[in-house]
Amino acid sequence: MISTALLKEISGIVGEENLITDQEQMAEFSADATKMARMPDGVAFPSNNEQISRILALATENGLPVVPRGAGTGMSGGAVPVQGGVVLAMDRLNRILSVDRENLVAKAEPGVITADLQQAVEAVGLFYPPDPASLKVSTLGGNIAECAGGLRAVKYGVTRDYVLGLTIVLPTGEIIGTGVETRKGVAGYDLVRLIAGSEGTLAVITAMTLRLIPKPETKRTMVAFFENVSMAVQTVSEMTRKRIVPAILEFMDRLCIDCVRAEMHLDLPRNSGAMLLIEVDGNPDLVAQEARIIEDLCGHCGAMAFQGAADDESAEGLWEARRNVSPSLYKLGPHKINEDIVVPRSRLAELVLFLDSVSRKYGLPIPAFGHAGDGNIHVNVMLDKEAPVQLENGYAIVRALFEKVIQMGGTITGEHGIGIAKAPYLAMEIPVEGIQLMKRIKKAFDPKGILNPGKIFT
Ligand SMILES: Cc1cc2nc3c(=O)[nH]c(=O)nc-3n(C[C@H](O)[C@H](O)[C@H](O)COP(=O)(O)OP(=O)(O)OC[C@H]3O[C@@H](n4cnc5c(N)ncnc54)[C@H](O)[C@@H]3O)c2cc1C
């Protein structure tokens with residue numbers, strides 16, 4: 001429990017109006033999208049580097065936990081203040097500082113909503129590709145801290161691929177500019193890539209320089225249904241062989257298709273075992289050519305139905321099933337354990353067969369959907385968490401899934417991070433020497449362990 005004197009010092013730094021300690025007001029800062037929760041002792045809303053630096057120095061001096069927070073949409077408990085202390089809410093640092101059309105870079109503060117940056121750069125013909133599904137709510141700071149991915153990652157990469165430079169504040173209070181403002185730069189260790197994906201455990205991000213690209217001129221959306229997953233995977237392999245990299249390549253399995261059909265009353269083909277949603281983008285000639293090749297490939301690989309959107313409005317219709325898949329799954333159970341594993345995309349069919357077998361073994365439905373293009377699949381174990389046997393079986397499935405994924409050369413998390421949710425499983429993937437090195441890095445940044453404690457490592 002934080003002392004009144006310490007809270008008073010923090011209030012003196014940010015101003016009384018920028019510190020809340022009222023339990024009711026603090027409730028929304030106690031949890032993230034996982035719904036795991038722990039009440040903080042205070043929530044501070046700093047508005048500049050100096051304030052953050054002073055709070056962190058004070059925290060290091062007094063052993064006070066500090067938890068940086070964006071919009072709280074995290075899916076691994078990263079922003080949950082598991083040891084209490086002060087939540088550092090980034091809401092006031094929310095300015096887009098510049099969009100440089102000549103050098104194709106943007107500068108922004110961490111509290112900017114991702115969609116707002118995208119809109120601002122697209123207004124001048126530029127493009128910031130990282131597109132987590134939460135983009136209308138989540139912040140750039142949270143995206144960098146989690147290295148968020150999205151639908152377009154298959155062609156354009158993930159958040160860390162667009163971060164050139166950062167301003168960070170270390171847990172000991174130093175304010176550091178790291179990385180570059182140019183397209184290239186290799187001076188010293190790449191701290192930018194280290195911070196991206198560090199889940200708020202190494203430093204607080206207070207500003208960023210982001211790489212932009214020209215906005216693709218046009219896009220074309222298509223959807224194809226197959227009898228089984230192998231046929232869909234073969235189609236994806238054929239696309240690669242034809243050197244086509246779609247901007248989006250999404251997958252849904254049979255259970256997902258059945259749930260969306262039933263819940264949304266959509267006219268989706270019956271007996272369909274897999275759906276691919278495909279989008280190509282670029283210049284109009286290339287897009288038309290690639291769309292034709294993809295339609296041919298789908299036919300050649302035995303698609304039972306294929307539909308291409310002629311315009312943006314009909315493209316929206318094709319997106320309906322994919323957009324509604326997550327909520328539709330509650331038809332199969334009141335709760336879900338949602339994992340975001342990655343496997344080599346050529347082995348997607350093997351993964352789905354494995355899910356079928358563990359589903360039968362443990363008697364729980366396991367619908368899967370996600371990013372076929374990069375093998376990042378959202379595996380959902382549907383269950384009633386109030387039923388102890390189901391819960392036990394649910395976690396047995398998670399462990400079996402992680403074992404399988406690692407054995408296939410994949411990873412236990414493609415975009416949601418370790419946080420607290422996956423901390424018990426980290427050692428399944430990272431060897432002990434790797435974890436020890438990571439802990440030494442953490443210690444070098446944060447000698448007193450005050451920044452987002454209790455995350456990543458058990
Ligand atoms: C409906 C929904 C859809 C989603 N879709 C996707 C998706 O497609 N792809 C994907 O990758 N994720 C997705 N997510 C997960 C989540 O949106 C992302 O992880 C996002 O990047 C979190 O951003 P946030 O601003 O909400 O961060 P928060 O949840 O507030 O924080 C996340 C982590 O970042 C740290 N952090 C926040 N700001 C800073 C800062 N300034 N400096 C240092 N550390 C900081 C926090 O301490 C925490 O560890 C989804 C979540 C939901 C609810």
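Which of the residues that make up the stretch 73-92 are free of Cβ contacts under 8 Å to residues at least 60 places away in the same chain and open to solvent by 20 Å² or more (accessible area, probe 1.4 Å)? Once the filter is applied, which keeps residues that are free of Cβ contacts under 8 Å to residues at least 60 places away in the same chain and open to solvent by 20 Å² or more (accessible area, probe 1.4 Å), the stretch 73-92 yields only D91. Is it the case that the stretch 107-118 has a residue that's among the hydrophobic types (A, V, I, L, M, F, W, C) and more than 30 Å from L19 (Cα to Cα)? No, the conditions are met nowhere in the stretch 107-118. Only one of the listed residues (P367, P334) is under 27 Å from I418 (Cβ atoms), surrounded by fewer than 17 Cβ atoms within 10 Å (Cβ to Cβ) and of a type outside the set (G, A, S). That residue is P334. Each residue in the stretch 236-272 was checked for being within 26 Å of the chain's Cα centre (by Cα) and among the hydroxyl-bearing types (S, T, Y), and 2 of them qualify.
Of everything listed in (1) open to solvent by 60 Å² or more (accessible area, probe 1.4 Å); (2) more than 20 Å from the chain's Cα centre (by Cα); (3) away from the ligand (no atom under 16 Å from the Cβ), the single unmet condition for M438 is (3). Listed here are the helices (runs of 4 or more DSSP H) enclosed by the stretch 112-192 that have at least 1 residues being away from the ligand (no atom under 13 Å from the Cβ): 114-122, 153-156. Among the residues of the stretch 49-63, not a single one is out of contact with any Lys or Arg (no Cβ under 7 Å at 6 or more places or on another chain) and in a loop (DSSP other than H, G, I, E, B).
What about M75, is it among the aliphatic types (A, V, I, L, M), more than 13 Å from the ligand (Cβ to nearest atom), under 22 Å from K455 (Cβ atoms) and in a loop (DSSP other than H, G, I, E, B)? No; evaluated as a whole, the condition is false for this residue. Figure legend. Inter-residue proximity from the stretch 93-115: first residues assigned by TED's automatic domain parsing to the domain that holds T182 and over 18 Å from G70 (Cα atoms), second residues of a type in the set (S, T, Y) and not in a loop (DSSP other than H, G, I, E, B), beta-carbon distance below 9 Å, spacing 6+ or different chains. Indicated pairs: V105/S98; V105/T209; A106/S98; A106/T209. Just one residue in the set T240, T206 is within 13 Å of the ligand (Cβ to nearest atom) and among the hydroxyl-bearing types (S, T, Y); that residue is T206. Looking across E295, E290, one residue alone is open to solvent by 30 Å² or more (accessible area, probe 1.4 Å), in a helix (DSSP H, G or I) and in contact (Cβ under 8 Å) with a residue 24 or more places away in the chain. It is E295.
Scanning the stretch 168-199 for residues that are touching a residue at least 60 places away in the same chain (Cβ under 8 Å) and either open to solvent by 40 Å² or more (accessible area, probe 1.4 Å) or out of contact with any Ser or Thr (no Cβ under 8 Å at 6 or more places or on another chain) (or both) yields L170, T172, E174, I175, E181, T182, R183, L194, G197.
Quick one: would you say E313 is assigned to a helix (DSSP H, G or I) and outside the structural domain of M408 (by TED's automatic domain parsing)? Yes, satisfied.
The values are calculated or read from the model by the stated rules, or taken from the named source; none is laboratory data. Since we're looking at a predicted model, the values are computed, not measured. Counting neighbours? That spans all protein chains shown, and the Cβs are built from the backbone with ideal geometry, glycine included. The area values use the complete protein model at the heavy-atom level, side chains included, leaving out ligands, DNA and RNA. Shrake-Rupley method; radii C 1.70, N 1.55, O 1.52, S 1.80 Å.
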